[in-house]
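Written out below as structure tokens is the structure these notes cover.
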Amino acid sequence: MTRRAIVLALVLVLGPLPGRAGEVPRAADVVRSGPPGCRAVAFTFDLCPVRDPVGFDAPLIDALRTRGIPATFFASGRWIERHDAQVRELLAVPFFELETHGERHRHLPSLDWAAQRVEIEEPVSFLRAHYGYSATLFRPPYGEYDQTTLAVAHEIGLRPVLWSVVSGDPAPHVTAARMLAALRPAVRDGGIVIFHANGRGHHTREVVEILHDELAGKGYRFATVTDLLSCSGAGKP
């Protein structure tokens, strides 16, 4: 029996686990930005499964690491399973954090409770079993979720994270100049910006480097999503 089949069988037998302290998750529990008054920004990068066998923007990662820019990566289970060396590379950087993005990048609201549980939990279990790493954040594929999604994430101990600013980097027809023109007025205190690091982001490295320098010049600090959520009003995560 495959690992997926075992997880699904357990879910079907055991059913939903009780929420912590009887809490009921709400849409308001989904993170879209940092606390008010936080003079910091989080750059986030989705690692969705792709047909390209590489699926990893190495020049972008090198730029983030060289410049010391904190980053949060949301990786799908399929991407993690096919990129062992890259997973270890990301985990080795102290100002990076690796979180999850579903197993197969499916549309969660179209799935029942058991299937959502498998889709959300599998990459978390894989990271823990193979890397000794405990993910705590989860980005729903396509940004789609329903009450079942929130309940499952809550039971597993994951906090759903979306974004406040969309880069638009997967669109091949959008130039770096056009992306920056849209991003500059959209970034606010506590902003969470979504990019891609799976090789499908066009002009991502160029845009990230320029935007980082411009925001730093305005007094912004940069943080992982986890650090952003504990950011003080003074802007120091």
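The values are calculated or read from the model by the stated rules, or taken from the named source; none is laboratory data. Every value quoted in this text rests on a predicted model; they were computed, and no experiment measured them. Glycine also receives a Cβ, built like all others from the backbone with ideal geometry; neighbour counts cover every protein chain displayed.
Within region 144-168, restricting attention to residues that are closer than 17 Å to Phe45 by Cα and hydroxyl-bearing (Ser, Thr, Tyr), the residue that is surrounded by the most Cβ atoms within 10 Å (Cβ to Cβ) is Ser167.
Out of region 177-191, which residues are crowded, with 20+ Cβ neighbours inside 10 Å and either in a helix (DSSP H, G or I) or touching a Gly at 6+ places or on another chain (Cβ under 7 Å) (or both)? The answer is Met179, Leu183, Gly190.
May I ask you to verify whether Glu89 is in contact with a Ser or Thr (Cβ under 8 Å, 6 or more places away or on another chain) and closer than 27 Å to Ala58 by Cβ?
When the stated conditions are applied, Glu89 does not pass them.
Filtering region 10-68 to residues that are at pLDDT 70 or above and at positive phi leaves Gly37, Gly55, Gly68. A single member of Pro160, Pro170 is farther than 17 Å from Pro70 by Cα, at pLDDT below 95 and within 16 Å of the chain's Cα centre (by Cα), and it is Pro170. Might you check whether a residue that is farther than 24 Å from Cys48 by Cβ, aliphatic (A, V, I, L, M) and in a loop (DSSP other than H, G, I, E, B) occurs anywhere in region 193-201? Scanning region 193-201, I find no residue that is farther than 24 Å from Cys48 by Cβ, aliphatic (A, V, I, L, M) and in a loop (DSSP other than H, G, I, E, B), so the answer is no. Scanning region 32-64 for residues that are aromatic (Phe, Trp, Tyr) and either more than 17 Å from Asp169 (Cβ to Cβ) or in a strand (DSSP E or B) (or both) returns Phe43, Phe45. Taken residue by residue, region 192-212 has at least one member that is aromatic (Phe, Trp, Tyr), buried (at least 19 other Cβ atoms within 10 Å of the Cβ), touching a residue at least 40 places away in the same chain (Cβ under 8 Å) and in contact with a Phe, Trp or Tyr (Cβ under 8 Å, 6 or more places away or on another chain).
If you scan region 120-137, which residues turn out to be of a type outside the set (Ser, Thr, Tyr), closer than 20 Å to Thr72 by Cα and without any contact (Cβ under 8 Å) to a residue 60 or more places away in the chain?
Ile120, Pro123, Val124, Phe126, Leu127, Arg128, His130, Gly132, Ala135
Screening region 109-140 for residues that are in contact with a helix residue (DSSP H, G or I) (Cβ under 8 Å, 6 or more places away or on another chain) and among the polar types (S, T, N, Q) and picking the one that is surrounded by the most Cβ atoms within 10 Å (Cβ to Cβ) gives Gln116.
Scan Lys236, Lys218 and give me the residue that is surrounded by fewer than 17 Cβ atoms within 10 Å (Cβ to Cβ), among the basic types (Lys, Arg) and at pLDDT 95 or above. That would be Lys218, the only listed residue that is surrounded by fewer than 17 Cβ atoms within 10 Å (Cβ to Cβ), among the basic types (Lys, Arg) and at pLDDT 95 or above. Only one entry in Thr2, Thr100 is more than 18 Å from Leu211 (Cβ to Cβ), out of contact with any Lys or Arg (no Cβ under 7 Å at 6 or more places or on another chain), among the polar types (S, T, N, Q) and at pLDDT below 95, namely Thr2.
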